[in-house]
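Comments concern the structure below.
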Amino acid sequence: MADSAQVPTLVYLVTGGCGFLGEHIVRMLLEREPRLRELRVFDLHLSSWLEELKAGPVQVTAIQGDVTQAHEVAAAMSGSHVVIHTAGLVDVFGKASPKTIHKVNVQGTQNVIDACVQTGTQYLVYTSSMEVVGPNIKGHPFYRGNEDTPYEAVHSHPYPCSKALAEQLVLEANGRKGLRFGGRLFRAVPASVEHGRVYVGNVAWMHILVARELEQRAALMGGQVYFCYDKSPYKSYEDFNMEFLSPCGLRLIGAHPLLPYWLLVLLATLNALLQWLLRPLVLYTPLLNPYTLAMANTTFTVSTNKAQRHFGYKPLFSWEESRTRTIQWVQAMEGSAR
Ligand SMILES: NC(=O)C1=CN([C@@H]2O[C@H](COP(=O)(O)OP(=O)(O)OC[C@H]3O[C@@H](n4cnc5c(N)ncnc54)[C@H](O)[C@@H]3O)[C@@H](O)[C@H]2O)C=CC1
Ligand SMILES: CC(C)[C@@H](O)CC[C@@H](C)[C@H]1CC[C@H]2[C@@H]3[C@H](O)CC4=CC(=O)CC[C@]4(C)[C@H]3CC[C@]12C
């Protein structure tokens, strides 16, 4: 059994992947990162040599995009585990305006950071520059210094200013969570209890398709039941929720339920009794009651393609897109709850 360090499960995104540094990173990842499942190469200008890389075992996805466009960055980021952000304007010759340099190097980096937070991509590697340190405008030499050597970094040129600002954004974003929950949830349901979940956008899409096809295919579809499904992973109810809550800073404590099942049944029953006793005074509606506990502890998953066979249904949103959109929704809900 290959250890996890060797199993290709990770999705990397390299911005500026067609640049001088980016190309080296792309080729080296393919040669030296055994955990790589997909390598996304994001660049304003895609190079033809990318095509030759698609013949290998790792899925190489070329994405033409602009880091100054937040939605393009977020779309490329969706489902990535690691992003290496090299895209930038290297210009100390006055080819580009200070505004453009700032827009690409600073706003572009902010867009990458925001996309990480939105999509739950937890690891960002940023290519900074020695110019962030110096030489400064006073011409002070920096002789064989290191990261801790004191030096007065004072810049006026657009490029070093942009790199210094971008690096500061990245450093400040370290440890940032999409959501300030920062809380802990305690596992109540065994991870082995699978529960079927479907992204709401795919549920809506199936409804649209049924309504559209029903008239033409009444003989086949009339009176039929169709399970709704997509590529959402089979997980326990709580583990599935963590796909969206982990990127928002929540942690699920315990590989196994922390309380024995009989105690959960007792607590659920007490909740039901309390609800009954309090009903004349107040509506007490706890999450844990005998019904919800039974549901959460009963495996219920589907595997079917009847909807595809009968009316051509295919999920509109991939798992990665569904996950990203749900994380964004959770974050928006948290923002409105403040
Ligand atoms: N070349 C050097 O000596 C040094 C470079 N760096 C940094 O390394 C990074 C990469 O630099 P190089 O590979 O040398 O430059 P490069 O110009 O060869 O590569 C930059 C890549 O970013 C892409 N890009 C530019 N604007 C973009 C945008 N708006 N959206 C998407 N992609 C965009 C370009 O198409 C290009 O492929 C830059 O962040 C630079 O500041 C840092 C230190 C030294
Ligand atoms: C307190 C813990 C035991 C916690 O894990 C309880 C989770 C519980 C609130 C949910 C577990 C299963 C959910 C239901 C399931 O997804 C099926 C459903 C289908 C519907 O049509 C409506 C929602 C629901 C009943 C859903 C409700 C929440 C759960 C019971």
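Bear in mind these aren't lab numbers, they're just calculated from the coordinates by the rules spelled out. Quantities reported herein were computed from a predicted structural model and do not represent experimental measurements. Cβ coordinates were reconstructed from backbone atoms using ideal geometry, including for glycine residues, and neighbour counts include every protein chain displayed.
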### Task
Please sort through the DSSP H helices of the chain and keep those with an alpha-carbon extent of at least 30 Å along the long axis and a Kyte-Doolittle average not below -0.5.
none
### Task
Would you work out the relative contact order for the chain, in percent, from Cα pairs under 8 angstrom that are 6 or more residues apart?
16 percent
### Query
Taking only the alpha-carbon atoms of the range 247-297, what semi-axes of the equivalent ellipsoid follow from 5 times the gyration tensor eigenvalues under a square root, in whole Å, largest first?
25, 15, 9
### Task
Between residue 7 and residue 283, take the C-beta separation as r, use R0 = 51 Å, and let me know the FRET efficiency to the nearest 0.05.
0.55
### Query
If you take the Cα Rg of the range 93-241 and divide it by 2.2 N^0.38 Å, with N the number of residues, what do you get?
1.78
### Message
Can you compute the radius of gyration and Dmax for the range 155-314, using only the Cα atoms, both in Å?
### Response
23.5, 74
## Note on the structure
Site residue 221, offset 7 angstrom along Cα→Cβ, radius 12 Å on amide nitrogen, limited to the range 267-309, gives 307-309
### Alpha-carbon Rg with Dmax, taken over the chain, Å
25.5, 84
### Theoretical gain in end-to-end length, residue 174 to residue 61 [0.36 nm per residue, Cα-Cα removed]
38.0 nm
### Query
Placing +1 at every Lys and Arg Cβ and -1 at every Asp and Glu Cβ, with all other atoms neutral, what dipole size does the chain have around its Cα centre, in debye to the nearest 20?
840 debye
### Query
What is the gain in length, in nm to one decimal, between residue 20 and residue 253 on full extension, counting 0.36 nm per residue of separation less the C-alpha to C-alpha distance?
79.5 nm
### Query
Got a sec? Charge dipole of the range 240-338, +1 on Cβ for Lys and Arg, -1 for Asp and Glu; which of 298, 331, 270 is way out at the positive end?
298
### Message
If you take every residue apart from residue 91 with its C-beta less than 13 Å away from the C-beta of residue 91, what net charge results, scoring Lys and Arg +1 and Asp and Glu -1?
### Response
+3
## Note on the structure
The relative contact order of the range 96-154, taking Cα pairs under 8 Å that sit 6 or more residues apart, comes to a percentage of 24 percent
### Summary
Stretched fully, the stretch from residue 203 through residue 333 gains (0.36 nm per residue minus C-alpha distance, one decimal, in nm) 44.7 nm
### Debye log10 I(q)/I(0) for the range 237-330, one point scatterer per Cα, at q = 0.15 Å⁻¹
-0.89
### Query
Once Rh is set to the Kirkwood radius over Cα pairs, what Stokes-Einstein translational diffusion coefficient, in µm²/s, holds for the range 127-204 at a temperature of 20 °C and a viscosity of 1.002 mPa s?
123 µm²/s
### Query
Which of the lysines could be linked to residue 231 by a straight reach, that is with a Cα gap under 17 Å, when you skip same-chain ones fewer than 8 residues away?
306, 314
### Query
Normalised by the residues of the range 1-56, what does the relative contact order come to in percent, with Cα pairs under 8 Å and at least six apart?
42 percent
